[in-house]
1. Label the range 83-163 by shape, choosing from rounded, prolate and oblate, from the square roots a ≥ b ≥ c of the eigenvalues of the Cα gyration tensor; if a/c is under 1.5 it is rounded, and otherwise prolate applies when a/b is larger than b/c, oblate when it is not.
2. To make sure I understand, if each residue's beta carbon is the centre and we count other beta carbons within 10 Å, what order do 82, 168 fall in, fewest to most?
3. Can you tell me the FRET efficiency between residue 119 and residue 179 if r is taken as the Cβ-Cβ distance and R0 is 41 Å, rounded to the nearest 0.05?
4. Cα-Cα pairs above 28 Å in the range 129-282: how many percent?
């Protein structure tokens, strides 16, 4: 990772391209309370999400039809101040917290199933090395706990398999979670082409970030979105790829989606926006100060 100068430069450059990346938030239509403002993603039937563990409601369908890009109106949670007394102090408390925030497959839609392996080990952390190749290392000092869950939509009717990952990371405080977003911005500047593993690559990446109140972002303290192309020796490509990260207090939540044959970027955006906004609602419910 680069230092302070590189990260500051990343913020300046990427925030300058805000109008282009605002497309994700226009499709998502997330309001300050995290609810859907504009309905489903373009050309896709809607599915409303409910908090993890309660199941998902809505219509099914075939193909990679994206769910509506926001949780149901019954789950509205405005942007509250963080209650510091609720912030985890230990790794065990952080693991318990992220378990209440991270989504399950039913939260993304009826066609989404668990992949194998399903959940990453709690002691590993992804690092983009100087050659733009992703590696895993032990947790850095600023991370109390992190977890990634892996899902997919099985190939069907001429459409390839769609891969979706959901990640929650818990830091000691808001400053540390903010630096995680800054590093993500630096990485896309430094490495517009990245190797996920042997035979899997991301290409033509670009990204943008918005603080609370910038463009359409009124639902997270800091939001970062990255889009590009996914290429796989097994699946072919290039196919659309998108990743979105959001921050509330010491917590970051993220969804990454890799496309396939017959899958559009709008399809992926629906799942990404829906999953990210739902985890943000759950983070606010867990860490936000109660009204009154």
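1. Oblate, because a/c is 1.5 or more while a/b does not exceed b/c.
2. Neighbour counts put them in this order, fewest first: 82, 168.
3. 0.95
4. 18 percent
Every number here is computed from the coordinates shown, using simple stated rules; none is lab data. Since we're looking at a predicted model, the values are computed, not measured. Ideal geometry is used to build each Cβ from the backbone, glycine not excepted, and the neighbour counts take in all protein chains shown.
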